[in-house]
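Attaching a single structure in structure tokens format; questions to follow.
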Amino acid sequence: MKIIKKYFPNLTAEQEEQFEKLTTLYSEWNEKINVVSRKDIENLDVRHVLHSLSIAKFMNFIPGGEILDLGTGGGFPGIPLAILFPETNFTLVDSRGKKIVVVQAVIEALGLKNVKAIHGRAEELKGQKFDFVVTRAVARLPQLMTWIHKLISLKQQHAIPNGLIALKGGNIKAEIKELGKKAYAEHYKVYLFFPEEFFEEKYVVYVQR
């Protein structure tokens, strides 16, 4: 929790309490279901929570905004972002039912009113529109854009145009090149926001719809 407060010093008492609870909740659930890798559970604050919050260093989600966390797994990046932006609406989707059971339990334990968890796939969210889709290590950028194209709202209400915000590693320039010349994309090293060794090869990638 200390490292979260280091980079986000203006948390409310409720937010601090919610972030504090995350390690205990995920440790308990990890004994029943492998939510995150066992070696990562001791470094949850950095490798999962703070990593998720790097999106907040790029984008300040507005009250009433609609955000989809596609392939949320155990709730990352969606749950940490939902704690940080309590007036923004988050929908967390994953095709693995066991993961969504954990996500729902964590949402309830934290008392988050701005989050809903859905067991399903992107193509099943017909009729729903979102300002941004956030993801972490789900698929390559061209595949992600194919999945989310019809889910992005045409109504613009944030500081930058609606689109995809993905947490990625590896050869990100090659992935961006795969999008083609018509796609507009930006990428930033997470290390610029959080100079921890773990983030040296991690990126926040934005792709405009």
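Beyond 28 Å between alpha-carbons counts as too far, so tell me which of LYS113/LYS177; LYS21/LYS57; LYS2/LYS150 fall in that bin. Before the final figure, lay out the partial values.
On the way: LYS113/LYS177 39 Å; LYS21/LYS57 23 Å; LYS2/LYS150 40 Å.
The answer is LYS113/LYS177; LYS2/LYS150.
What helices does the chain have that are whole DSSP H segments, at least 18 Å long along their own axis by Cα, and with mean Kyte-Doolittle hydropathy of 0.5 or more? All intermediate terms of the calculation are to be shown ahead of the outcome.
On the way: long enough: 13-30 (26 Å, -1.34); 97-110 (20 Å, 1.29).
What comes out of the filter, once short or polar helices are dropped, is 97-110.
Moving on. For LYS116, which lysines qualify as cross-link partners when the Cα separation must be under 17 Å and same-chain residues fewer than eight apart are set aside?
Of all the lysines, those that pass the test against LYS116 - Cα under 17 Å, at least 8 places apart if same chain - are LYS98, LYS99, LYS126, LYS129.
Then there is this: For ILE160, what is the net charge nearby, where nearby means another residue's Cβ is under 12 Å from its Cβ and Lys, Arg count +1, Asp, Glu -1? Don't skip to the answer; put the middle values down first.
Numbers: positive: ARG209; negative: ASP131, GLU186.
Once positives and negatives cancel, what remains is -1.
What is the packing order of peptides 138-145, 1-8, taking the mean over residues of other C-beta atoms within 10 Å and listing the highest first?
Numbers: 138-145: 18.2, 1-8: 13.9.
Final packing ranking: 138-145, 1-8.
Now, a different point. Where does the chain land at 222 nm, in deg cm²/dmol rounded to the nearest 500, when only DSSP H runs of n ≥ 4 count, each adding -39500 (n - 2.57), divided by all residues?
-9500 deg cm²/dmol
Relative contact order for the range 2-208: what percent, with Cα pairs under 8 Å and sequence separation of 6 or more?
Numbers: 336 pairs, mean separation 35.9, N = 207.
The normalised contact order for the range 2-208 reaches 17 percent.
Still on this structure: Net charge near ARG47, counting Lys/Arg +1 and Asp/Glu -1 over other residues with Cβ under 14 Å of its Cβ?
On the way: positive: ARG38, LYS39, ARG136, LYS202; negative: ASP40, GLU42, ASP45, GLU196, GLU197, GLU200, GLU201.
It works out to a net charge of -3.
Within a 10 angstrom radius of the beta carbon, how do ILE83, ILE172 rank from fewest other beta carbons to most? Don't jump to the answer; show the numbers that get you there.
On the way: ILE83 28, ILE172 20.
With the fewest neighbours first, ILE83, ILE172 line up as ILE172, ILE83.
Sorted by packing (mean other beta-carbon atoms within 10 Å per residue), highest first, where do 160-167, 175-182 land? Walk me through the intermediate numbers first.
Working: 160-167: 20.4, 175-182: 13.1.
Ranked by mean Cβ neighbours within 10 Å, highest first: 160-167, 175-182.
Enumerate the amide H contacts of ILE118 below 5 Å, restricted to partners 5 or more residues apart or on another chain; note that Pro and chain-start residues carry no placed amide H.
So ILE118 has HN proximity to LEU92, VAL93, ASP94.
Between Rg and the Kirkwood Rh of the chain, both from Cα atoms, what is the Rg to Rh ratio?
0.93
Counting other beta carbons within 10 Å of each residue's own, what order do TYR191, TYR206, TYR26 fall into, fewest first? Don't skip to the answer; put the middle values down first.
Details: TYR191 16, TYR206 19, TYR26 23.
So the residues, fewest neighbours to most, are TYR191, TYR206, TYR26.
How would ARG38, ARG96, ARG136, ARG209 line up from fewest to most surrounding beta-carbon atoms within 10 angstrom? Provide the component values of the computation, followed by the final result.
Details: ARG38 10, ARG96 14, ARG136 23, ARG209 19.
If I rank by nearby Cβ atoms, fewest first, I get ARG38, ARG96, ARG209, ARG136.
Bear in mind these aren't lab numbers, they're just calculated from the coordinates by the rules spelled out. Predicted model only: the values in this text are computed from it and were never measured. All Cβ positions, even for glycine, are placed from backbone atoms using ideal geometry, and neighbour counts span all protein chains on display.
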